[in-house]
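First comes the structure, then the notes that go with it.
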Amino acid sequence: MSPAPRRRSVLLATAAVTAAATAPAGAATPVRHRASGPLVIGHRGAAGWRPEHTADAYTYAVRAGADWIEPDLVPTKDHVLVVRHENEISGTTDVAGRPEFADRRTTRTVDGRAVTGWFTEDFHLRELRTLRTVERLPLVRNRNTVFDGRGRVMTFQEVINLARRLSGESGRRIAVFPETKHPTYFRSIGLPLEEELIRVIRRNRLTARECVVQSFEPSSLHRIAAARLGLPLWQALGTSGSPYGHAVTYRDMMSPAGLREIASYAQWIGPDKSSLVPPHTLLADAHAAGLKVGAYTFRAENQYLPAAHRRGTAPNDFGDAFAEYAFHYGQGVDAVVTDFPDIAVQAREGLRR
């Protein structure tokens with residue numbers, strides 16, 4: 001089959017889901033059951049189709065069939081947890097064009113790296129509410145820029161409320177999958193993420209079917225574990241270096257001994273998908289340690305796909321995303337974290353058939 005028709009098939013396959021996700025409540029035909037197979041986790045919602053961490057992105061993900069939705073957590077100055085990819089928000093909101101906040105531009109050292117811009121910890125929630133969201137990667141996802149200015153910064157509480165509403169709409173239990181972002185840094189400036197996250201979880205009486213907490217920093221997960229919330233924990237893993245503020249390396253954490261240590265406080269690991277490709281034995285080693293494995297981050301654009309699955313040379317054109325899902329599903333992953341949950345769900349349906 002020639003590349004052009006196959007690329008169109010991916011786009012046509014998502015057209016119906018796009019229409020459903022943008023239709024008014026009651027007009028859509030959301031996915032109402034999960035097929036057997038790996039969990040599909042909407043990465044910041046459905047970041048491939050809508051600006052990430054917006055109500056539109058989360059709603060799209062669930063109506064496309066995602067089982068979990070992922071909010072990244074950062075605090076405001078008044079210690080409210082909001083959902084943004086980073087605490088520096090010039091790339092995800094219109095703050096840089098707002099003259100009333102021009103004096104908030106500053107440089108901070110976050111996890112040992114100097115970052116210049118506007119930071120959530122310098123804004124009260126009422127101020128963040130005045131900002132509008134924009135597409136973070138406009139050159140990659142130009143299609144998403146049409147939605148610039150239509151969304152606003154959400155709180156974690158609002159994401160929980162939305163997940164519960166969408167659970168009722170879809171007839172499926174939708175879980176929230178919060179990540180503590182830069183937790184050591186936020187503890188150092190008096191805005192610890194864990195204490196407020198624990199309060200929100202307890203206030204909402206979230207169960208193990210409704211919430212799984214993730215972090216790249218083991219110390220953050222240990223703090224959550226100490227609260228005895230009864231929730232699964234997910235240790236995210238980088239491809240090199242160490243979690244910030246920790247001596248142990250990711251390579252050590254992915255060794256059989258390191259995986260046994262993770263299993264003493266967490267139920268999941270979340271490695272980069274490249275860490276699961278042979279000759280790596282991480283998937284089998286993790287399962288042997290009693291851990292489930294959720295791989296990140298699956299995307300459809302050529303630049304994020306293995307060379308064998310790319311089509312043409314344009315980095316932002318869609319390649320054969322279905323082939324990559326088929327490989328990882330066939331290897332036995334327990335979950336995939338994806339910008340395109342609709343494609344992941346269709347690939348899972350193909351596996352079931």
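Structure above, values below:
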{"item": "Cβ charges +1 (Lys, Arg) and -1 (Asp, Glu), total dipole of the range 232-326, debye", "result": "40 debye"}
{"item": "Square roots of five times the Cα gyration tensor eigenvalues for the chain, Å", "result": "29, 26, 21"}
{"item": "Net charge contributed by nearby residues that have their C-beta within less than 10 Å of F298 (K/R +1, D/E -1)", "result": "0"}
{"item": "Relative compactness, the range 262-314, computed as alpha-carbon Rg over 2.2 N^0.38 Å", "result": "1.40"}
{"item": "Computed log₁₀ I(q)/I(0) - Debye formula, equal Cα scatterers, no solvent, the range 183-229, q 0.13, 0.22, 0.26 Å⁻¹", "result": "-0.28, -0.78, -1.03"}
{"item": "Trypsin sites (Lys or Arg not before Pro) lying in DSSP loop within the range 49-93, provided at most 14 other Cβ fall within 10 Å", "result": "none"}
{"item": "Within the accessible area of the chain (1.4 Å probe), percent carbon and sulfur", "result": "52 percent"}
{"item": "Residue-normalised accessible area of the range 107-229, given per residue in Å² at a 1.4 Å probe", "result": "44 Å²"}
{"item": "The chain - percent relative contact order, Cα under 8 Å, separation 6 or more", "result": "19 percent"}
{"item": "Antiparallel bridge percentage (DSSP; both residues within the chain; nearest 5)", "result": "30 percent"}
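The values are calculated or read from the model by the stated rules, or taken from the named source; none is laboratory data. These figures come from a predicted structure and were not determined experimentally. Backbone-built Cβ (ideal geometry, glycine too); neighbour counts: all protein chains shown. Just so you know, the surface numbers come from the protein's heavy atoms only, side chains and all, with ligands and any DNA or RNA stripped out. Shrake-Rupley method; radii C 1.70, N 1.55, O 1.52, S 1.80 Å.
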